[in-house]
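The values are calculated or read from the model by the stated rules, or taken from the named source; none is laboratory data. The model shown is predicted, which means the values in this text are computed figures rather than measured ones. So basically every Cβ, Gly included, is an ideal-geometry build from the backbone, and we count neighbours across all protein chains shown. We work out accessible area using only protein heavy atoms, side chains counted, and drop any ligands, DNA or RNA first. Shrake-Rupley method; radii C 1.70, N 1.55, O 1.52, S 1.80 Å.
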Amino acid sequence: NDEITAPKVFFLSQNYPNPFNPSTTISYGLANDTDVKIIVFNLMGQRVKNLVDQKQTAGYKQIVWDGRDETGRKVSSGIYFYQIDTANFTKTNKMLLLK
């Protein structure tokens, strides 16, 4: 039953581990079924990787980012931001990739 397993509010947790190398896990929760986008950005605000872009059911979720961009290349060490965007919730967190 989704009502039992779904959080009461939307949330985006801090990634772990942080700092990370070579990959990190991003956890988030959806209070109801909704379209979800999770995107990684660099310090200049440029999109690095689109992790999620689909309708998802309510519940506790997680996605792993392997430190690669849209073309499959490993990104350089540094600070990155990840953002969740739904119809009712938007939040951005910071993460650090160390090589």
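May I ask you to list the residues in the stretch 52-77 that are out of contact with any Asp or Glu (no Cβ under 6 Å at 6 or more places or on another chain), more than 12 Å from Phe20 (Cβ to Cβ) and small (Gly, Ala, Ser)? Walk me through how you get there before you give the answer.
Taking the stretch 52-77 as the starting set, the residues that turn out to be out of contact with any Asp or Glu (no Cβ under 6 Å at 6 or more places or on another chain) are 52-54, 56, 59-74, 76-77.
In the following step, the residues that additionally are more than 12 Å from Phe20 (Cβ to Cβ) were identified as 52-54, 56, 59-63, 68-74, 76.
Within the stretch 52-77, Gly59, Gly72, Ser76 meet the criteria.
Before we move on, is Arg47 among the charged types (D, E, K, R) and in contact with a Lys or Arg (Cβ under 6 Å, 6 or more places away or on another chain)?
no
Please go through the stretch 44-78 and pick out each residue that is surrounded by fewer than 14 Cβ atoms within 10 Å (Cβ to Cβ), closer than 18 Å to Leu12 by Cα and not charged (D, E, K, R).
Of everything in the stretch 44-78, those that are surrounded by fewer than 14 Cβ atoms within 10 Å (Cβ to Cβ), closer than 18 Å to Leu12 by Cα and not charged (D, E, K, R) turn out to be Asn50, Gln54, Thr57, Tyr60, Gln62, Val64.
Which residue pairs have Cβ atoms closer than 7 Å, lie 6 or more positions apart in sequence or on different chains, and pair a first residue in the stretch 75-99 that is under 14 Å from Thr24 (Cα atoms) with a second residue that is acidic (Asp, Glu)?
Sorted first by the residue in the stretch 75-99, then by its partner, the pairs are Val75/Asp69.
Among the residues of the stretch 50-83, how many are touching a Lys or Arg at 6+ places or on another chain (Cβ under 9 Å) and of a type in the set (S, T, N, Q)? Before the answer, list the steps.
Quick first cut of the stretch 50-83, residues touching a Lys or Arg at 6+ places or on another chain (Cβ under 9 Å) only: 50-54, 65-70, 74-77, 79-83.
Of the ones still in play, those that are also of a type in the set (S, T, N, Q) are 50, 54, 76-77, 83.
Residues flagged as touching a Lys or Arg at 6+ places or on another chain (Cβ under 9 Å) and of a type in the set (S, T, N, Q) within the stretch 50-83 amount to 5.
Inside the stretch 87-99, can you point out the residues that are among the hydrophobic types (A, V, I, L, M, F, W, C) and open to solvent by 80 Å² or more (accessible area, probe 1.4 Å)?
Of all residues in the stretch 87-99, those among the hydrophobic types (A, V, I, L, M, F, W, C) come to 87, 89, 95-98.
Correct list: Ala87, Leu98.
Which residue, of Ile84, Ile39, is in contact with an Asp or Glu (Cβ under 8 Å, 6 or more places away or on another chain), surrounded by 12 or more Cβ atoms within 10 Å (Cβ to Cβ) and at pLDDT 95 or above? Working first, answer last.
Working: Ile84 fails: in contact with an Asp or Glu (Cβ under 8 Å, 6 or more places away or on another chain).
When all the criteria are applied, what remains is Ile39.
Could you list, ordered by first residue, the pairs with Cβ atoms under 6 Å in which the first is in the stretch 28-45 and over 18 Å from Tyr16 (Cα atoms) and the second is among the basic types (Lys, Arg) and open to solvent by 30 Å² or more (accessible area, probe 1.4 Å), at least 6 apart or interchain?
Cβ pairs passing all conditions: Asp35/Lys55.
Out of curiosity, is Asn32 open to solvent by less than 80 Å² (accessible area, probe 1.4 Å) and under 12 Å from the mean Cα position of the chain (by Cα)? Let's see the steps before the verdict.
Numbers: open to solvent by less than 80 Å² (accessible area, probe 1.4 Å): yes; under 12 Å from the mean Cα position of the chain (by Cα): no.
It is false that Asn32 is open to solvent by less than 80 Å² (accessible area, probe 1.4 Å) and under 12 Å from the mean Cα position of the chain (by Cα).
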